[in-house]
Amino acid sequence: MNIIEAVKDRHLFKPYLADKNGSLSTWARWMTCLRVIYGLPIRKPWQKRLIRQCTGRNPDKLNPEGYNRVLLLCGRRSGKSKIAGLIGAFESSLSGREEVCSPGEIPCVTITSPTRDQSAIIKSYLRAALGSPLLDETVVDEAKKRPSFELANGVHVRVLTGDFRTVRGYSQLAVVCDEICFFGTTEESKVKSDTELIRSIKPSLLTTQGRLICVSSKYWEKGWAFGQWKRHFGKDSSRVLVWDATSRTMNPTLSEEDIQAEIDEDPESARSEYLNVWRTDVAAWLPREAIEPCVVFGRTELIRKPNISYRAFVDVSGGRSDDAALAISHKADSKTVLDCVRRWKAPFSPQVVVADMVDVLKSYQLRHVTGDNYSAEWVAESFRKLGISYVKSDKNKSQIYLELLPRICSGEVELLDDDVLIKQLCGLERRCRSGGKDIVDHAPGAKDDVANAAAGAIVFGSKGHFQPGFIIRDRFNGGRTLRNRVLWGEFAKSHRATF
Ligand SMILES: Nc1ncnc2c1ncn2[C@@H]1O[C@H](COP(=O)(O)OP(=O)(O)O)[C@@H](O)[C@H]1O
Ligand SMILES: [Mg+2]
């Protein structure tokens, strides 16, 4: 049975795709794409036009055997995750591929994506595709919380986040990677890039001739996905199929007006997401090669030492979905040393987190903390109630990151050996804005709370910013200890004061 027959069969995948009237008409373009992938006949002129448009190839010169390496670059909400789930379900239950495995080999279909949430979505799609009564019976080993399950034919379906290393040893019938362009941009991703991910996947597909199906919306002009698009799009003889389409080409149920409204709001981002064009305004901010030399291997935290003036920066969120972070630094000779980074994962009670932060601040004898200049009033109020004054930063997040770059590149910073911190710093991106001012922020779906707190602590700490009423070491005075008696009002005015 081929995949199109299975999709049209009401006992198999039809309930997964059909609308409430039982029609599959809105999925017709995806059916054409599946025909190309699986080497099924293409006869209708509209199908040929679509293929020419989405692959740049001559539809009469397609490989009759189909394609084992597939890159579906389609806009947001185009249905690519849903189709990836369908392919995973077909490969694991009906393709008969498990027969290529020799006795003792464990056949496996693996799904991976850069974030836990994304992996949960695609697992949910795949499981829903196996939801018809006939297919549901074939799922024999399934626990609700476990990301993997097993089918009666012995195939293991494994869902991973940002990784592939844990499935070494299995024989892969198919590997589906969702949002391939975003691997490495999130801290949950254990691989550094899509290139590294693909490198680890390829050997496991060699013996089975299994399919590698990568889907994504386009992002920036670098990495494996961009390289494949450049090399294989529009090449008739290429063994890699690249399918490149806008959201509305693949999902005619999307409204043109809604997409136009999104484009009007944020042209660069919406053009990339819905019209599926590579972003030329985005580039990596801090190269890993610059960050790693600043990391002091094995140093996870430095406890407070006397006669040192510490500086703290917080990134406090409402606690519903964003995480919160605190970082503390101090200046030592020509370097700024990061002493401590702490993180609170959402969901949490903001008051409890502020109280925890205050405990950490007090353990470094800090009475002041700097934070986001747009933070809500309750943040300053909560700190104040616990005896810490909250100073709103005179720089926004982008400015802080812009100032961090030269310090990292010149090695003036000692960073902690903290995986989340390093990943978040590596994941920062610069986006050019038409007004001329660059924005530095995390990638879509990624986080930067720890990077933000650490960058704030470093940037404010490195200028020798000092705190009123604090014991500081005067570098220009033979290292004698002075008590700084700057009044709070003056400190706030001369926020950039250095010594
Ligand atoms: N061609 C289509 N016909 C009908 N509904 C579609 C089509 N493509 C996508 N959808 C719907 O759009 C939503 C988003 O699909 P999804 O696969 O998650 O998108 P993405 O491309 O962002 O991964 C789902 O509810 C899906 O059923
Ligand atoms: Mg998706």
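The values are calculated or read from the model by the stated rules, or taken from the named source; none is laboratory data. Note that the coordinates shown come from a computational prediction; the quantities given were computed from them, not determined experimentally. As a convention, Cβ positions derive from the backbone with ideal geometry for all residues, glycine included, and neighbour counts pool all protein chains shown. Ligands, DNA and RNA are stripped out before the accessible areas are found, and what is left, the full protein with its side chains, is counted by its heavy atoms. Shrake-Rupley method; radii C 1.70, N 1.55, O 1.52, S 1.80 Å.
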Taking only protein heavy atoms and a 1.4 Å probe, the highest-to-lowest accessible-area order of Ser93, Ser124, Ser189 is Ser124, Ser93, Ser189
Can you list the HN-Hα couplings for region 318-331, worked out from phi with the Karplus curve (6.51, -1.76, 1.60; θ = phi - 60°), rounded to whole Hz and with x for Gly and Pro? x, x, 7, 10, 8, 7, 10, 8, 9, 9, 10, 9, 8, 9
With the contact rule set at Cα under 8 Å and sequence spacing of 6 or more, what percent relative contact order holds for the chain? 14
Positive minus negative residues near Pro287 (Lys, Arg vs Asp, Glu; Cβ under 15 Å): +3
Using a 1.4 Å probe on the protein chains only, how many percent of the accessible area of region 40-95 belongs to carbon and sulfur? 44
Once the whole set of protein chains is in place, how much accessible area is left on Asp333, using a 1.4 Å probe, in Å² to the nearest 10? 130
Just to verify a number: what accessible area does Ser171 come out at with the full protein assembly present, 1.4 Å probe, Å² rounded to tens? 10
Roughly how many Å is it from the Cα centre of region 78-92 to that of region 191-219, as a whole number? 16
Heads up, the chain by the C-alpha gyration tensor (a ≥ b ≥ c square roots of eigenvalues; a/c under 1.5 rounded, else a/b over b/c prolate, else oblate) looks prolate
At 1.4 Å probe radius, can you tell me the per residue accessible area of region 318-379 in Å²? 46
Among residues other than Phe149 whose Cβ falls under 14 Å from its Cβ, what is the net charge (Lys/Arg +1, Asp/Glu -1)? +1
Given charges of +1 on the Cβ of Lys and Arg and -1 on the Cβ of Asp and Glu, with all other atoms neutral, how large is the dipole of region 196-298 about its Cα centre, in debye to the nearest 20? 1000
Residues in region 57-83, backbone N under 20 Å from the label point at Lys202 (7 Å along the Cα-to-beta-carbon vector): list them, ranges by number please. 67-73
Residue-averaged 222 nm ellipticity for the chain, from DSSP H runs of 4+ at -39500 (n - 2.57), nearest 500: -10000 deg cm²/dmol
List the residues, sorted by chain then number, that are 5 or more residues from Arg279 or on another chain and whose placed amide H is less than 5 Å from its amide H. Tyr219, Trp220, Glu221
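Under unit Cβ charges (Lys, Arg +1; Asp, Glu -1), what dipole magnitude, rounded to 20 debye, does region 3-278 have relative to its Cα centre?
Charge dipole of region 3-278: 840 debye, to the nearest 20.
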Lysines within cross-link reach of Lys20: Cα-Cα under 27 Å, excluding same-chain residues under 8 positions apart? Lys8, Lys44, Lys80, Lys82, Lys123
Using only Cα atoms and rounding to the nearest 10 degrees, what angle (0 to 90) does helix 116-129 make with the longest principal axis of the chain? 20
Residues meeting the amide H criterion for Arg69 (H placed from the backbone, H to H distance under 5 Å, 5 or more places apart or on another chain) are Leu212, Leu241
Leaving out ligands, DNA and RNA but keeping every protein chain, what accessible area does Ile106 have, in Å² rounded to the nearest 10, with a 1.4 Å probe? 70
In Hz, Karplus ³J(HN,Hα) per residue of region 262-270 (6.51, -1.76, 1.60; θ = phi - 60°; x = Gly, Pro): 5, 5, 5, 6, 9, x, 4, 5, 5
Scan the chain and report its longest stretch carrying no GluC sites (Glu not before Pro) that are both in a DSSP loop and have at most 11 other Cβ atoms within 10 Å. 138-499
Under 5 Å between amide H atoms, partner at least 5 residues away or on a different chain: which partners does Leu286 have, H built in plane at 1.01 Å? Leu428
Need the C-alpha centroid separation for region 29-64 versus region 240-304, integer Å. 29
